[in-house]
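Undergrad: Below you will find the structure I want to go over with you.
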Amino acid sequence: MPGPIQSIERAAAMLRLLARGSGHHGLAEIAAALGLAKGTAHGILRTLQRVEFVEQDQSTGRYRLGAALLHLGTSYLDANELRSRSINWADTLAARSGHEVRIGMHLDGAVLVVHHVFRPDDTMQTLGIGGMLPLHATALGKVLLAYDAGLLATIRRAELTSLTRRTIVRPSALERVLAEVRAAGWASEAEEYMPGEAGIAAPIRMPGGLVVGAIGISGAVDRICQTANRPRQALVDHVCHAAEAVSRSLATDN
Amino acid sequence: MAQRFVMAIDQGTTSTRCIVFDSNARLVSVAQREHRRYSPRPGWVEQDAVEIWRNVDRIMPQALRDAGIGADQVVALGITNQRETFVVWDRHTGAPVGRAIVWEDIRTEELVAEMASRPGADEVRDRCGLPLATYFSAPSLRWLLDDVPDLRDRAERGDVLFGTMDTWLIWNLTGGVNGGLHVTDVTNASRTMLMNIMTQQWDPELLSFFDIPRRMLPEIRPTTEIHGRTTRVVPGIEIAAALGDQHAALFGQTCFAEGETKCTYGTGSFLLMNTGTKLIRSEHGLLTTIGYQLGGEPVTYALEGSIAVTGSLVQWFRDNLGLIHSAPEIETLARTVKDNGGCYIVPAFSGLFAPHWHSEARGLIVGLTSYITKGHLARAVLEATAWQTREVVDAMNADLGERAGVLRVDGGMTADHLLMQIIADVLDVSVMRPMVAETVSLGAAYAAGLAVGYWPDLAGLRRNWHLAARWTPQMDPRHRDEEYANWKRAVELTFGWATPRHTVDSGQF
């Protein structure tokens, strides 16, 4: 068992310091208060600033607690921000895979479709942004469930609705599948939501690893899967690659 | 043999991007860096050309690294750029004379008003296709020549060079002080007010009207042209195309046929229609410009409606009012209300461009009551972009006597789902987004790839175009008409605000 991590302890001390008194502190002041070298303190502050736990006043250069701390646990990524950051990579995934692409986030026990790219065959299709999908019966939903134990607990209490004869309705079966999703790093679904349709999805992560959404493709089951409802490896690779690219774009300041 | 790629540099108003594309026009990597915007006085907008060059120096290698490829796998580089923005620099040291003056800058407002009453002013628009306005390069260049001591002498001696950002980057990439090429393309030249729109050469009458020394101007070349190889940053890459960003977007949207139209939503928004070999002179406040010119072929003309402030209104809402943290959050905030609550924002920050061309107009927020929340303001921000598009589309329809059935859109703001729906609603046409929203970069890549034979022809490029999203109109026609009437009233209130009054009467067009 490793010991406590010093930089995390120091970061916690910094947040406590900023939370009391005037709430505005200069770098020298913070370093002196905690007995740290200015360089060390600055490095920690920069990291806290990056995760938005700390803000720096533009004119005075002084630090204060970040607005993100006030709504910790509610929403950490704006849905429209996610669409904006991922639009290039969602397009690229549609172009590479030949399938329609959706990006989903969790909302009220379902998957909210925050972005949708048409299948690149120029047939008439309808934009599905703003629509809701079931968590337990879609690849996007399975990804969101796999990385959110709290969400899974609420689902377990609710009845898992059967949408097709393949929909997973037994909680124990769903949990087994979600463990596989975590092990593989991606999820799939074959005719569990709609007969003849299948999907593949992978997690979108914030810096630090928190899963904030999922990106995936869907289409005819015989085009998504090869045999025995196993998804084609090339498509899985495209989806995972896109998920990583979107996660990377969330890590860069725009 | 290793796979081959095309690279594009998009030198935009807020950032510079380097994008690598594969032969199916799919994005392989993107590297981007923002640059600073300086506003030393009200109405002045400047950028540091050296900072922009340094950014290119970083993003080119980064884009190659991210793509996991070497320079030898890049068959061509296309350069596209914010238009009208220019810099003057010393050809012996490479050092700029002051900062670049940006297209949004309105320091020449009085100079332009004064020039408009001079003899020869009536002919300016006939010769260059553009109305006399602060937006284009020539008035600002003239201002700079008057403002900096000795600059005119240095220009006449050939010691300083003028360039839009394409010219600045090509000169630097091909060696700078060590034999850098001083060239521009016909689309960028068409935005200076110094090029004759019919001959595509620097026009002696215009040079004399604006009093600009010919020696400081670059050579005008076609859009697709092998300029030479890079010798700096990432040496050995063939520079095979240069074109203004809006022209690149037209190309990237594969609007190759007469009548095909696109609108790019960025800092400002720009609606361009390909008019083929026909030079159309607008009677409704639109610009005549060059769409593109393929090497060895006659130019393709375009009709343009330019809107100065769209995305920059969202940035203002974020940075100056602090009501949102990031630009995309405007949609989240706008969705907290169901309509604008009677509130309208007309963002005439630097006057109004097409179709009004009122440089003295200034922005306003109208219809405020105690009921209005920041959500209503956010909605009014998005609606301002939509109604400004409607005005330009109406002008285009009036010039052509017909109505387009769809609008092809691209640019960063197309990620705003609510905005795209509002645009479909107020235009009453389908709005279509192609699979590559980065149409500006793609257009530069297409032009460069075409020049070196990476793509065989225009038809081949067309096959790469796929529909990514379509928004269809859902607004009640009566409601639309009422809202449009309100918008028009709001626009009229902005006229004549800045004093002294220098109204460019749209009747002069």
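What follows is calculated from the coordinates using simple rules that are stated; it is not laboratory data. This structure is a prediction, so every number in the text was calculated from the model and none was measured. Positions of Cβ are generated from backbone atoms using ideal geometry, with glycine treated the same way; all protein chains shown enter the neighbour counts.
Undergrad: How large is Rg/Rh for chain A, to two decimals, with Cα atoms and a Kirkwood Rh?
TA: Working: Rg = 21.6 Å, Rh = 20.1 Å.
For chain A, the value is 1.07.
Undergrad: List the extent of the Cα atoms of chain B along each of their three principal axes, largest first, rounded to whole Å.
TA: In descending order, the Cα extents are 63, 57, 43 Å.
Undergrad: Once the Cα atoms of helix A:233-251 and of chain A are each reduced to a long axis, what angle between those two axes, in degrees from 0 to 90 to the nearest 10, is obtained?
TA: 20
Undergrad: While we're here: By a straight-distance test (C-alpha under 19 Å), which lysines pair with B:Lys278 as possible cross-link partners, with residues fewer than eight away in the same chain excluded?
TA: Once the sequence-local lysines are set aside, what remains near B:Lys278 is B:Lys262.
Undergrad: If you place +1 on the Cβ of every Lys and Arg and -1 on the Cβ of every Asp and Glu, how big does the dipole about the Cα centre of chain A come out, in debye to the nearest 20? Working shown, then result.
TA: On the way: 26 positive and 24 negative charges, 131 e Å.
The dipole magnitude comes to about 620 debye.
Undergrad: Could you put A:Thr47, B:Thr223 in order, starting from the residue whose Cβ has the fewest other Cβ atoms within 10 Å? Kindly include the intermediate steps, with their values, before the conclusion.
TA: On the way: A:Thr47 14, B:Thr223 32.
Going from least to most buried by this count: A:Thr47, B:Thr223.
Undergrad: Rounded to two decimals, what is the ratio between the C-alpha radius of gyration of region B:69-171 and 2.2 N^0.38 Å?
TA: Working: Rg = 16.5 Å, N = 103, 2.2 N^0.38 = 12.8 Å.
Normalised Cα radius of gyration, region B:69-171: 1.29.
Undergrad: Taking the Cα centre of chain B as origin and charging only Cβ (+1 Lys, Arg; -1 Asp, Glu), how large is the dipole, in debye to the nearest 20?
TA: 960
Undergrad: Convex hull volume of the Cα atoms in region B:296-345, per residue, in Å³?
TA: Working: hull volume 8.1 nm³, N = 50.
Each residue corresponds to 161 Å³ of Cα convex hull volume.
Undergrad: B:Asp72 versus A:Tyr76, label points 7 Å from Cα toward the beta carbon: distance in nm?
TA: 4.5
Undergrad: Measure out, as a whole number of angstrom, how far apart the alpha-carbon centroids of region A:229-253 and region B:117-139 sit.
TA: Going from one Cα centre to the other spans 52 Å.
Undergrad: Please determine, in degrees from 0 to 90 and to the nearest 10, the orientation of helix A:171-184 with respect to the longest principal axis defined by the Cα atoms of chain A, where the helix direction is its Cα long axis.
TA: Taking the Cα atoms of chain A, the angle to A:171-184 is about 70 degrees.
Undergrad: So for the pair B:Asp153, A:Ala149, with labels modelled 7 Å out along Cα→Cβ, what separation do we get in nm?
TA: Taking the two extended label points, one gets 7.9 nm.
Undergrad: Three principal axis extents, largest first, for the C-alpha atoms of region A:121-174, in Å?
TA: Sorted largest first, the three principal extents are 41, 25, 16 Å.
Undergrad: Tell me the label-point distance for the pair B:Glu258, A:Arg182, using the 7 Å Cα-to-Cβ offset, in nm and rounded to one decimal.
TA: Here the modelled spin labels are 6.6 nm apart.
Undergrad: Counting other C-beta atoms within 10 Å, which of A:Leu160, B:Leu250, B:Leu271, A:Leu45 has the fewest, and how do the rest follow? Provide the component values of the computation, followed by the final result.
TA: Working: A:Leu160 18, B:Leu250 34, B:Leu271 28, A:Leu45 21.
Starting with the residue having the fewest Cβ neighbours, the order is A:Leu160, A:Leu45, B:Leu271, B:Leu250.
Undergrad: Calculated FRET efficiency, B:Asp57 and A:Arg156, Cβ-Cβ r, R0 45 Å, to nearest 0.05? Spell out each step's value before the answer.
TA: On the way: r = 55 Å, r/R0 = 1.22.
Using R0 = 45 Å, I get an efficiency of 0.25.
Undergrad: Quick one, can you get me the convex hull of the C-alpha atoms of region B:5-246 expressed as volume per residue in Å³?
TA: Details: hull volume 27.4 nm³, N = 242.
Normalising the Cα hull of region B:5-246 by residue number yields 113 Å³.
Undergrad: Enter the Cα centre distance for the pair region B:69-94 and region A:21-69, rounded to the nearest angstrom.
TA: So the separation of the two Cα centres works out to 40 Å.
Undergrad: Moving on to the next point. In what sequence do B:Asp66, B:Asp153 fall when counting other Cβ within 10 Å, fewest first? List each step's numbers first, then the result.
TA: Working: B:Asp66 17, B:Asp153 12.
Fewest-to-most ranking of B:Asp66, B:Asp153: B:Asp153, B:Asp66.
Undergrad: Taking Cα atoms, how many degrees apart are the long axis of helix A:6-19 and the longest axis of chain A, rounded to 10 and kept between 0 and 90?
TA: Approximately 70 degrees, to the nearest 10.
Undergrad: Report the FRET efficiency, 1/(1 + (r/R0)^6), for A:Arg165 and B:Arg335, where r is their Cβ-Cβ distance and R0 is 51 Å, rounded to 0.05. Let's see the in-between values first.
TA: Numbers: r = 38 Å, r/R0 = 0.74.
Result of the calculation: an efficiency of 0.85.
Undergrad: Taking the alpha-carbon distance from B:Lys338 and a cut-off under 27 Å, which lysines remain once sequence neighbours fewer than 8 residues away in the same chain are dropped?
TA: Counting by Cα, and skipping residues close in sequence, B:Lys338 has these lysines nearby: B:Lys374, B:Lys488.
Undergrad: Right, next: Normalised by the empirical 2.2 N^0.38 Å for globular proteins, what value does the Cα Rg of the protein assembly as shown take? Don't jump to the answer; show the numbers that get you there.
TA: On the way: Rg = 27.1 Å, N = 763, 2.2 N^0.38 = 27.4 Å.
Normalised by 2.2 N^0.38 Å, the Cα Rg of the protein assembly as shown equals 0.99.
Undergrad: For a quick check: with amide H placed at 1.01 Å from N, whose amide H comes under 5 Å from B:Ala468's, ignoring anything fewer than 5 positions away on the same chain?
TA: Result for B:Ala468 returns B:Arg433, B:Met435.
Undergrad: Additional query: Rounded to the nearest 0.05, what FRET efficiency do B:Gln474 and B:Asp122 give with R0 = 51 Å and r taken as the Cβ-Cβ distance? Could you check? Each step should come with its number before you reach the end.
TA: Details: r = 46 Å, r/R0 = 0.90.
The value I calculate is 0.65.
Undergrad: Any idea how far the Cα center of region B:358-429 sits from the one of region A:154-195, in Å?
TA: Using only Cα atoms to place each centre, the spacing works out to 44 Å.
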